[in-house]
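Asks: Pasting a structure here, questions to come.
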Amino acid sequence: MRRTINKSFAIEGIGLHKGERSLFVFNPQDKPLGIRFFVNDSVIEASISNLHSTIRGTNLSDGKNTVYTVEHLLSAINAFSIDDLDMEVYGIEPPAMDGSSLPLAKKLYESGVKIKNQNAKKIFSAIEKKEFTFKDSFYSFEPSDKFELVCVFENSHPMIGRQEFSFTVEPQLYLEQIAPARTFGFEAEISRLKENGLALGGTLDNAIVLTREGILNEGGLRYKDEFVRHKMLDFLGDLCLTGFNFEKIKITGIRTSHQANAAFASFICGRDK
Ligand SMILES: [Zn+2]
């Protein structure tokens, strides 16, 4: 059965990359129309065919209007197995909130999920193991008795090293284990990002900032392996672009990036891109 949210709600704040104030209004959708962004006079479905770019985020466009950095929203939406949802977009990217998807996941939880009397969207399950490589990223999927994700993140930073996290995709576990994990960036690259018009809204309140040895955030990390958990959060969001419900599948992503996730999503959809 397809699922939407029970009641409308909104999130408001400053976007991470563009640094501009935005408002996103989430509305239930009773028809089987997918996850849609209403941007000016465009209706942009969360689909790999509307992928605009993957520069420091996942950006969607219909050629006329673009909505930037949608992966954290799509991650929470995917974790709650929402099939149909309309988002009114006032601005060009979602509020960064605290750099995680927890504020949105809590709103989804409070709204509740409405199960509709319509057949579920296409289900993707693994019948046999398949592998996919994109640049230095590696992906695979294989049969499982549930929907599981595994993520591996590697970085030479002393607080990261090699981190691996496994997660069964389920709303309560998502709220506890994945949604609170914040986005992160390296202090050394932030001035270059800002020169390129990115991370303009980034502060220590909405991102972990890594120095050579540690982090600038006085409160420390939320989890020792918060970095790979955030990679998992992003991965789940990018998988939303396939338009599938995943069941009985274990998906592994090693050294994931938005660009590689999008290529993997295309691979799942049977596209070459
Ligand atoms: Zn992210």
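Asks: All but one of (1) surrounded by fewer than 19 Cβ atoms within 10 Å (Cβ to Cβ); (2) part of a loop (DSSP other than H, G, I, E, B) hold for residue 106; which doesn't?
Replies: (2)
Asks: Within segment 235-242, is even one residue buried (at least 17 other Cβ atoms within 10 Å of the Cβ), farther than 21 Å from residue 180 by Cα and polar (S, T, N, Q)?
Replies: Going residue by residue through segment 235-242, those that are buried (at least 17 other Cβ atoms within 10 Å of the Cβ) are 235-242.
Checking the rest, the ones that are also farther than 21 Å from residue 180 by Cα come to 241-242.
If we keep only those that are polar (S, T, N, Q) too, we end up with 242.
The answer is yes; a qualifying residue exists.
Asks: Tell me which of these residue 67 doesn't satisfy, since it passes every other one: (1) within 16 Å of the ligand (Cβ to nearest atom); (2) in contact with a Gly (Cβ under 8 Å, 6 or more places away or on another chain).
Replies: (2)
Asks: Of (1) of a type outside the set (Asp, Glu); (2) within 16 Å of the ligand (Cβ to nearest atom); (3) farther than 24 Å from residue 134 by Cβ, residue 216 satisfies all except one. Which?
Replies: Single failed check for residue 216: (2).
Asks: Here is a follow-up. May I ask you to verify whether residue 221 is more than 11 Å from the ligand (Cβ to nearest atom) and surrounded by 20 or more Cβ atoms within 10 Å (Cβ to Cβ)? Before you say what the answer is, go through the steps one by one.
Replies: Values: more than 11 Å from the ligand (Cβ to nearest atom): yes; surrounded by 20 or more Cβ atoms within 10 Å (Cβ to Cβ): no.
So residue 221 does not fit the description; no.
Asks: Give the residues of segment 1-21 that are surrounded by 22 or more Cβ atoms within 10 Å (Cβ to Cβ) and either assigned to a strand (DSSP E or B) or under 19 Å from the mean Cα position of the chain (by Cα) (or both), sorted by residue number.
Replies: Of the residues in segment 1-21, the ones surrounded by 22 or more Cβ atoms within 10 Å (Cβ to Cβ) are 2, 4-5, 15-17.
Listed by number, the residues that qualify are 4, 5, 15, 16, 17.
Asks: Give 241, 233 a once-over and let me know the one that is more than 14 Å from the ligand (Cβ to nearest atom), aliphatic (A, V, I, L, M) and under 14 Å from the mean Cα position of the chain (by Cα).
Replies: Working: 233 fails: more than 14 Å from the ligand (Cβ to nearest atom).
Unique residue meeting the criteria: 241.
Asks: Residues in segment 182-202: is at least one closer than 25 Å to residue 85 by Cα, buried (at least 16 other Cβ atoms within 10 Å of the Cβ) and either touching a Cys at 6+ places or on another chain (Cβ under 8 Å) or not basic (Lys, Arg) (or both)? Break it down into steps so the answer makes sense when it comes.
Replies: First pass over segment 182-202, keeping only residues closer than 25 Å to residue 85 by Cα: 182-183.
Within this subset, residues satisfying the condition of being buried (at least 16 other Cβ atoms within 10 Å of the Cβ) are 182-183.
Keeping just the survivors that are either touching a Cys at 6+ places or on another chain (Cβ under 8 Å) or not basic (Lys, Arg) (or both) gives 183.
Yes, the conditions are met somewhere in segment 182-202.
Asks: Let me ask you something else. Taking segment 143-181, which residues are assigned to a strand (DSSP E or B), surrounded by fewer than 16 Cβ atoms within 10 Å (Cβ to Cβ) and touching a residue at least 60 places away in the same chain (Cβ under 8 Å)?
Replies: Across segment 143-181, the qualifying residues are 143, 154, 164.
Asks: Going by the structure shown, is residue 164 farther than 18 Å from residue 244 by Cα, charged (D, E, K, R) and either modelled with pLDDT under 95 or out of contact with any Leu (no Cβ under 8 Å at 6 or more places or on another chain) (or both)?
Replies: Values: farther than 18 Å from residue 244 by Cα: yes; charged (D, E, K, R): yes; either modelled with pLDDT under 95 or out of contact with any Leu (no Cβ under 8 Å at 6 or more places or on another chain) (or both): yes.
Answer is yes for this residue.
Asks: While we're here: Which count do you get for residues in segment 48-64 that are within 12 Å of the ligand (Cβ to nearest atom) and either surrounded by fewer than 17 Cβ atoms within 10 Å (Cβ to Cβ) or part of a strand (DSSP E or B) (or both)?
Replies: Just the residues of segment 48-64 that are within 12 Å of the ligand (Cβ to nearest atom), to begin with: 54, 56-58.
Then drop every residue that is not either surrounded by fewer than 17 Cβ atoms within 10 Å (Cβ to Cβ) or part of a strand (DSSP E or B) (or both), which leaves none.
Adding up the residues that qualify gives 0.
The values are calculated or read from the model by the stated rules, or taken from the named source; none is laboratory data. Bear in mind that the values here come from a model prediction, so they are computed numbers and not experimental data. All Cβ positions, even for glycine, are placed from backbone atoms using ideal geometry, and neighbour counts span all protein chains on display.
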